[in-house]
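Please read the structure below before turning to the comments.
Quick note: the coordinates plus some simple rules give every number you see, no bench work behind them. Small disclaimer: the values here were computed from a predicted structure and weren't measured. In this analysis, Cβ positions are derived from the backbone assuming ideal geometry, glycine residues included, and neighbour counts consider all displayed protein chains.
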Amino acid sequence: MNSATKLRDPTAETSPTRRARLAPPPSVAGKSVALMDIGKARGSEFIDRLEDHFKKAGVTTRRYRKPTNTKVAPTDLLQKIAAENQLAVIALSD
Amino acid sequence: MPDGLPANVLPSDGLVIVAKRDCPTCVLIEPVMQSLDRAGPLAVISQDDPAFPAGVGRVIDDHDLERSFRLNIEAVPTLIRLKGGIEVERTVGWDRAEWIRLAGHAAAGDGLPAWQPGCGSKSVEPGVHEILVARYGDTGLKARTIAVGEWDDPMEACFERGWSDGLPVVPPTDDRILRMLGGTDRKPDEIVGIIPPNLVPCTVEKVAINAVMAGCKPEYMPVVLGVLEAALDPLFVLHGLLCTTHFSGPLVIINGPAAKAIGMNSGVNALGQGNRANATIGRALQLIVRNVGGGLPGGMDRATLGNPGKYTFCFAEDESDPDWEPLAQRRGIPAGKSAVTLFHGEGVNGFIDQKSRTPEELVRSLAMGLFGVGHPKLCLGGNAVLVLSPEHYKIFKDGGFNRRRIEDELYKALKRPGSELIRGAQGIAEGMPPSFADQVVDKFQPGGLLIVRAGGEAGLFSAIIGGWPGQSVRDECQAVTHEIR
């Protein structure tokens, strides 16, 4: 790490230095869940199982897939997911 | 030289010379350094070229200037005598008698002039010293550090942490903050005031951090501090201005020698973009309110629409005409002093009059424009700033009108019969309460119209900057003017 990567906090320092994760929603009712297949082996099987569970619970799901598992998802795909859903599951595998 | 020490270790009993090839005096005394090396023990700390001086056994590369910093070197060459690892004497520049006294006759430098001054050390060049303090010294800074990953972009990290107004900010690194603090003689831990809405004490150091992020230069610091102190004047009601649904935000007007010293723009495009001081001083105030005070749009800032001036809205008054009484003096600041005036400004409303040729015509015309502030049928609410351009001002000046006369005539012209203003009059629901029906009503509160001169030489345009309805309670909320310390 070089000197340019240490910054001083400009705020009142009332929140933790580590950024908190977004709190999980209290309920998934009425929300659309994106199921994102990152393209690794058998990831789609994991997504299939999740999809079944969500369906049984009456939750709407939409499926997406990265073009390749070796690179980050393209911006337009991320924007599409954000526009069409309130929650997302990024499936791991291996 | 051979004394058994590793090449990068200073002799505990011997001599150290700090030099750089870029210094003519250092080059001049290269034979002296060679002579002292033969007499030994000697180490030369070379700031810019490890191959300099030639013919010396122990040359320590000090490109990173750590050794120069730790030895507190201000000029080169510097000759230091060590005893038991402790410095016992030093001399700066080339002075044969001094060098012989410290190092013996091996330092005689036969054939050289008896004396020649040295050059500045690279470790004290502008901007370098603060980097070295940040790397190797004690910064004394109290704000907590935020680590950014080695491969992450610090500018993006500032966005992600919510420190930005939407535009990129300069990452607040220690060296930049130290440079910024160098712009003021006030102590970093001094509390400047309590910042709304979260009522957080704000130190000079926090001001400097946010000034760095805004893009300020260190010499702007006295003005930034003056602006903040004025903004925290209870009469300015910064908390209310922040959380209003109205358009307004802080408008900063700078008068006096400070504006000239830091190169503020009062001329062409004075209310627009392109001048660093204008742009960053106003922005620094907004970032302090955002970051220290916690005033976030959509949080405590409830503006329905806001205005672009909430990024920054700051300019200087044109004081080039000795016949013109500057705004700050009109508001009680002695001539020759620097001052900041803060107004609750909603944005720039262009006023065009290319036909008036006499002061009387222009007063009537300006009054018609000023009636539109807020709403043409609303009076005694929000006040206004009138920015007179040079061509409009010339009409007044040629007609014998000075500031006071312009103010007086405008106030007379800004009176209207209440019957035209009350709610429902002229078929418009908005308006003054019915109780004003039989009165002659002033558009603005007494002292509520601030006139300031600025702008480019060409253009029969002036600017009207409407105020904030909060100004309607005159004893509780007004524009404020403070001297800059």
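Each of B:ASP408 and A:PHE46 was given a label point 7 Å from its Cα along the Cα-to-Cβ line. The distance between the two points is 8.3 nm. Modelled label positions at A:THR17 and B:GLU190, each set 7 Å beyond Cα in the direction of Cβ, lie 2.8 nm from each other.
For B:TYR220, B:TYR393, B:TYR136, which order do you get if you count the other beta carbons within 10 Å of each Cβ and list the fewest first?
On the way: B:TYR220 26, B:TYR393 23, B:TYR136 13.
In increasing order of surrounding Cβ atoms, one gets B:TYR136, B:TYR393, B:TYR220.
Per 0.36 nm of contour for each residue apart, how much would the distance between B:LEU235 and B:LEU305 grow if the chain were fully extended, relative to their Cα-Cα spacing? Present the calculation step by step, with values, prior to reporting the outcome.
Numbers: separation 70, 0.36 × 70 = 25.20 nm, distance 2.45 nm.
The B:LEU235-B:LEU305 span can extend by a further 22.7 nm.
Note on B:GLU66 and B:GLU156: with the Förster distance fixed at 35 Å, the Cβ-Cβ geometry gives a FRET efficiency of about 0.70. Angle check, please: helix A:43-56 long axis (alpha carbons) against the longest principal axis of chain A (alpha carbons), in degrees 0 to 90, nearest 10. It works out to around 70 degrees. Suppose the Debye formula is applied to equal point scatterers at every Cα of chain B; what is log10 I(q)/I(0) at q = 0.07, 0.09, 0.10, 0.12 Å⁻¹? Those come out to -0.53, -0.73, -0.82, -1.00, one per q.
Ignoring aspartates and glutamates fewer than eight residues from B:LYS142 along the same chain, the ones with Cα atoms less than 12 angstrom from its Cα are A:ASP9, A:GLU13, B:ASP174, B:ASP189, B:GLU190, B:GLU205.
Each helix, a run of at least 4 DSSP H residues, gives -39500 (n - 2.57); summed and divided by the residues of chain B, these come to -8000 deg cm²/dmol at 222 nm.
Given 10 °C and 1.306 mPa s, compute D for the protein assembly as shown with the Stokes-Einstein relation, Rh being the Kirkwood radius over Cα pairs; round to the nearest whole µm²/s. Here the translational diffusion coefficient equals 54 µm²/s. Peptide B:106-118 has a mean shielding of 0, counted as Cβ atoms of other protein chains within 10 Å of each residue's Cβ. As a proxy for reagent exposure, ranking B:ILE194, B:ILE281 by other Cβ atoms within 10 Å from fewest up yields B:ILE194, B:ILE281. Bridges between two residues of chain B, per DSSP, are antiparallel at a rate of about 70%. Model label sites at B:LYS415 and B:GLU89, defined 7 Å from Cα along the beta-carbon direction, differ in position by 8.7 nm. Scaling the Cα radius of gyration of region B:128-217 by the globular reference 2.2 N^0.38 Å produces a ratio of 1.11. Size descriptors for chain A, from the alpha-carbon set: Rg then Dmax equal 17.5, 53 Å. Each principal axis of region B:126-320 carries a Cα extent, and these read 47, 42, 31 Å when sorted largest first.
Among B:GLU430, B:GLU125, what is the fewest-to-most ranking by other Cβ atoms within 10 Å? Before the final figure, lay out each step's value.
Details: B:GLU430 14, B:GLU125 11.
Ranked by crowding around the Cβ, least crowded first: B:GLU125, B:GLU430.
Computed about its Cα centre, the charge dipole of region B:235-323 is approximately 540 debye, with only Lys, Arg, Asp and Glu carrying charge at their Cβ.
Report the Stokes-Einstein translational diffusion coefficient (µm² s⁻¹, integer) for region B:347-466, Rh taken as the Kirkwood radius over Cα pairs, at 10 °C with viscosity 1.306 mPa s. Walk me through the intermediate numbers first.
Details: Rh = 14.7 Å.
It comes out at roughly 108 µm²/s.
In straight-distance terms, cross-link reach from B:LYS310 covers every one of the aspartates and glutamates whose alpha-carbon lies under 15 Å from its own, apart from those fewer than eight places away in the same chain; here that gives B:ASP165, B:ASP301, B:GLU346.
The count of lysine pairs in region A:29-94 that are at least 8 places apart or cross chains, and whose C-alpha atoms lie under 23 Å apart, stands at 11.
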